[in-house]
There are 2 protein chains.
Amino acid sequence: MKLKDLGEFNFINRINRTIKLSGQVIKGIGDDAAVLKYTKDKYLLFTTDMLVEGKHFHKCDKAGLVGAKALSCNVSDIAAMGGVPKFAVCSVGFPGSLDLKYADELYGGIKKIAQRFEVDLVGGDTVGSGKIVINIALIGEVEKENLTLRSGAKENDVIFVTGNIGGSIKLRHLNFTPRLKEARFLVKNFKVNSMIDVSDALLADLGHILKESNKGAAIFEKTIPVSKYATGFDSAVRDGEDFELVFTLSERYADRLEDTWPFRTRLSKIGRVLNGREGFSLVKKSGKSEKIKPAGFTHF
Amino acid sequence: MKLKDLGEFNFINRINRTIKLSGQVIKGIGDDAAVLKYTKDKYLLFTTDMLVEGKHFHKCDKAGLVGAKALSCNVSDIAAMGGVPKFAVCSVGFPGSLDLKYADELYGGIKKIAQRFEVDLVGGDTVGSGKIVINIALIGEVEKENLTLRSGAKENDVIFVTGNIGGSIKLRHLNFTPRLKEARFLVKNFKVNSMIDVSDALLADLGHILKESNKGAAIFEKTIPVSKYATGFDSAVRDGEDFELVFTLSERYADRLEDTWPFRTRLSKIGRVLNGREGFSLVKKSGKSEKIKPAGFTHF
């Protein structure tokens with residue numbers, strides 16, 4: 001059997017099933033970042049992302065944007081847990097024949113994001129590789145009361161999404177702002193029950209929340225903020241790498257959130273969490289409801 | 001200018017020069033692991049290593065050994081700081097056409113080492129890639145009094161190395177035991193002034209200690225424990241990936257260390273730390289002394 005026949009998520013589940021963890025791990029594989037015991041008031045967060053030339057970016061893309069993306073997608077993971085990023089280590093595989101200018105620009109992009117989000121770049125590894133590969137691992141921290149998992153969605157929660165969805169392939173997947181300040185505003189001022197960042201696709205990532213929370217949901221086509229760069233609604237909700245936040249909170253906070261939202265970043269109420277038995281459905285503009293089988297970007 | 005013309009170490013220095021760090025970082029780039037503020041009594045350690053097919057291993061190598069190496073070389077880095085490993089995240093790039101059996105065995109190798117050294121595997125990333133790439137990032141911790149840097153070597157320190165050196169290319173680079181228990185014995189029972197693991201090469205890595213400590217050294221060919229797998233003395237001290245420990249401590253502890261060393265792992269006294277002005281020299285079996293220009297495995 002080949003990896004691609006099993007699929008990425010099945011493969012990860014297969015690995016995860018056989019891993020035993022110590023009592024120091026609050027949450028291992030299966031959220032945007034791992035959650036680890038730390039101090040009396042805080043948890044440590046730990047996440048990693050790998051970008052491969054030809055898959056996540058192309059040689060013709062600007063090196064500075066590629067570097068920025070490598071750190072930004074990790075910052076987005078920490079944000080989606082409600083935390084703040086702190087320390088990063090960065091491994092890069094480069095062909096020896098690569099122009100020094102490209103390598104400098106790539107690290108320049110990483111450093112720019114590090115500075116902007118106050119991340120210390122504390123180490124790394126530099127190796128030879130035919131194709132360019134970048135892996136960043138990021139440590140963050142979160143106050144215990146602000147930790148937000150995928151698994152906390154409650155029946156009747158309102159589902160929100162930040163920004164616009166879809167069309168990220170037209171540059172934005174390389175040039176996005178991780179929603180760190182938005183996430184911190186949310187967890188410090190509201191009781192956010194569940195949160196995830198849109199890396200796989202809106203439907204897939206909301207699907208992760210519903211699966212981990214054992215809930216269903218109804219979302220409404222007319223309320224979903226489709227980007228002007230998307231080629232259509234169907235692709236917008238099924239394409240990956242928007243790096244927006246999807247989160248749920250109790251209905252009684254929803255209005256206050258909309259009233260007090262201080263950012264230019266768009267905020268959209270797109271649906272409601274339902275009982276698990278009701279499944280996951282999309283109400284089309286026509287009023288017709290269709291069952292959703294979550295699907296998104298898969299790596300094999 | 002191409003990367004290979006600048007060379008790996010010059011490139012890393014070039015990057016490092018422009019990085020500004022916060023007060024939470026005790027030691028950033030330039031040791032076996034980063035050292036970060038943590039609790040009253042302990043520091044956090046953070047390291048990462050990337051392995052690329054065709055560079056660090058070949059497709060024909062046993063997948064279980066490749067996985068084991070990916071985690072072991074990180075454990076070796078934490079050991080060389082005097083610490084203990086705690087939490088790992090693992091990114092893997094795989095071709096979709098790869099046999100599931102290979103992927104299972106690779107993760108099996110990682111899990112075996114994780115279990116042996118009590119490391120929690122808490123997350124990761126799985127992506128598509130033409131060549132297999134594995135990156136592991138590892139968090140460790142160390143009691144403040146046991147932290148051992150490269151930069152602490154003192155004049156007249158005795159230089160020790162564990163195990164045998166050279167010939168790792170004949171399998172041992174894929175099948176070695178990180179010297180964690182030896183390192184912990186050392187830091188708990190002795191005042192170790194400096195320590196590093198032999199990843200680049202004995203001369204190169206001892207050279208890192210001397211450079212960071214602003215010291216010179218004399219080492220003696222006849223005392224260096226050359227492996228039976230090495231093709232000769234010169235290659236043994238210049239080849240990489242032995243993953244043994246090189247460390248220095250005051251002469252007054254040297255005899256007690258040799259007398260109380262409880263392990264089957266060989267322990268060899270190979271030389272002495274000198275004043276920086278005296279340079280780094282190798283005393284040959286003939287009695288002739290030659291200046292050493294540290295050199296080792298370079299990745300470009």
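The values are calculated or read from the model by the stated rules, or taken from the named source; none is laboratory data. Computed from a predicted structure; not experimentally measured. Neighbour counts are summed over all protein chains in view; Cβ atoms, including those assigned to glycine, are modelled from backbone coordinates with ideal geometry. Heavy atoms of the whole protein, side chains included, go into the accessibility calculation; ligands, DNA and RNA do not. Shrake-Rupley method; radii C 1.70, N 1.55, O 1.52, S 1.80 Å.
Odds and ends about this structure:
- The number of residues in the stretch A:134-167 that are open to solvent by 10 Å² or more (accessible area, probe 1.4 Å) and closer than 30 Å to B:LYS86 by Cα comes to 10.
- Qualifying residue in the stretch B:221-228 (condition: closer than 25 Å to B:GLU145 by Cα and in contact (Cβ under 8 Å) with a residue 24 or more places away in the chain): no
- Verdict on A:GLY54 being modelled with pLDDT of 90 or more and touching a Lys or Arg at 6+ places or on another chain (Cβ under 9 Å): yes
- Scanning the stretch B:6-32 for residues that are more than 7 Å from every other protein chain (Cβ to nearest Cβ) and either among the aliphatic types (A, V, I, L, M) or in contact with a His (Cβ under 7 Å, 6 or more places away or on another chain) (or both) yields a single hit, B:ILE26.
- Flag for A:LYS211 being open to solvent by 80 Å² or more (accessible area, probe 1.4 Å) and under 17 Å from the mean Cα position of the chain (by Cα): yes
- Just one residue in the set B:LEU3, B:LEU36 is touching a Pro at 6+ places or on another chain (Cβ under 9 Å) and within 8 Å of chain A (Cβ to nearest Cβ); that residue is B:LEU3.
- Filter result (closer than 18 Å to A:THR126 by Cβ, buried (at least 23 other Cβ atoms within 10 Å of the Cβ) and in contact with a helix residue (DSSP H, G or I) (Cβ under 8 Å, 6 or more places away or on another chain)) within the stretch B:20-50: B:ASP31, B:ASP32, B:ALA33, B:THR47, B:THR48, B:ASP49
- The stretch B:81-124, residues that are farther than 15 Å from A:LEU21 by Cβ, more than 9 Å from every other protein chain (Cβ to nearest Cβ) and open to solvent by 10 Å² or more (accessible area, probe 1.4 Å): B:VAL84, B:GLU105, B:LYS112, B:ILE113, B:ARG116
- Residues of the stretch A:252-269 that are of a type outside the set (Gly, Ala, Ser) and within 18 Å of the chain's Cα centre (by Cα): A:THR265, A:ARG266, A:LEU267.
- Selected residue [modelled with pLDDT of 95 or more, β-branched (Val, Ile, Thr) and assigned to a helix (DSSP H, G or I)] from B:ILE219, B:ILE270, B:ILE209, B:ILE196: B:ILE209
- Applying a threshold of 6 Å to beta carbon distances and a minimum spacing of six or more residues, or different chains, the list of pairs starting in the stretch A:149-170 at a residue that is of a type in the set (Phe, Trp, Tyr) and ending at one that is modelled with pLDDT of 95 or more reads A:PHE160/A:PHE247; A:PHE160/A:LYS269.
- The set of residues in the stretch B:39-51 being modelled with pLDDT of 95 or more and either within 15 Å of B:ALA137 (Cα to Cα) or within 9 Å of chain A (Cβ to nearest Cβ) (or both) consists of B:LEU44, B:LEU45, B:PHE46, B:THR47, B:THR48, B:ASP49, B:MET50, B:LEU51.
- Every residue from the stretch A:244-260 that is open to solvent by 10 Å² or more (accessible area, probe 1.4 Å) and either modelled with pLDDT under 95 or assigned to a helix (DSSP H, G or I) (or both): A:GLU251, A:ARG252, A:TYR253, A:ASP255, A:ARG256, A:GLU258, A:ASP259, A:THR260
- Look at the stretch B:102-125: where a residue is free of Cβ contacts under 8 Å to residues at least 12 places away in the same chain, no partner that is not in a helix (DSSP H, G or I) sits 6+ places away or on another chain with Cβ atoms under 6 Å.
- When B:LYS55, B:LYS131, B:LYS62 are checked against the criterion of being more than 9 Å from chain A (Cβ to nearest Cβ), of a type outside the set (Asp, Glu) and open to solvent by 30 Å² or more (accessible area, probe 1.4 Å), a single residue qualifies: B:LYS62.
- Only one of the numbered conditions (1) at pLDDT 95 or above; (2) in contact with a helix residue (DSSP H, G or I) (Cβ under 9 Å, 6 or more places away or on another chain); (3) surrounded by 23 or more Cβ atoms within 10 Å (Cβ to Cβ); (4) over 30 Å from A:GLU290 (Cβ atoms) is violated by A:LYS181, and that is (3).
- Condition broken by A:THR39, with the remaining ones in (1) free of Cβ contacts under 8 Å to residues at least 12 places away in the same chain; (2) of a type in the set (Ser, Thr, Tyr); (3) assigned to a strand (DSSP E or B) satisfied: (3)
- A residue that is farther than 30 Å from A:SER268 by Cα and of a type in the set (A, V, I, L, M, F, W, C) cannot be found anywhere in the stretch A:148-156.
- In the set (1) buried (at least 18 other Cβ atoms within 10 Å of the Cβ); (2) more than 16 Å from the chain's Cα centre (by Cα); (3) hydroxyl-bearing (Ser, Thr, Tyr), B:THR223 fails one condition alone, (1).
- For B:GLU290: the one exception among (1) modelled with pLDDT of 95 or more; (2) farther than 30 Å from A:ASP125 by Cα: (1)
- Taking the stretch A:233-243 as the range and being open to solvent by 10 Å² or more (accessible area, probe 1.4 Å) and assigned to a helix (DSSP H, G or I) as the test, the residues that pass are A:PHE233, A:ASP234, A:SER235, A:ARG238.
- Screening the candidates B:PHE263, B:PHE233 for the property of being of a type in the set (A, V, I, L, M, F, W, C) and modelled with pLDDT under 95 yields one hit, B:PHE233.
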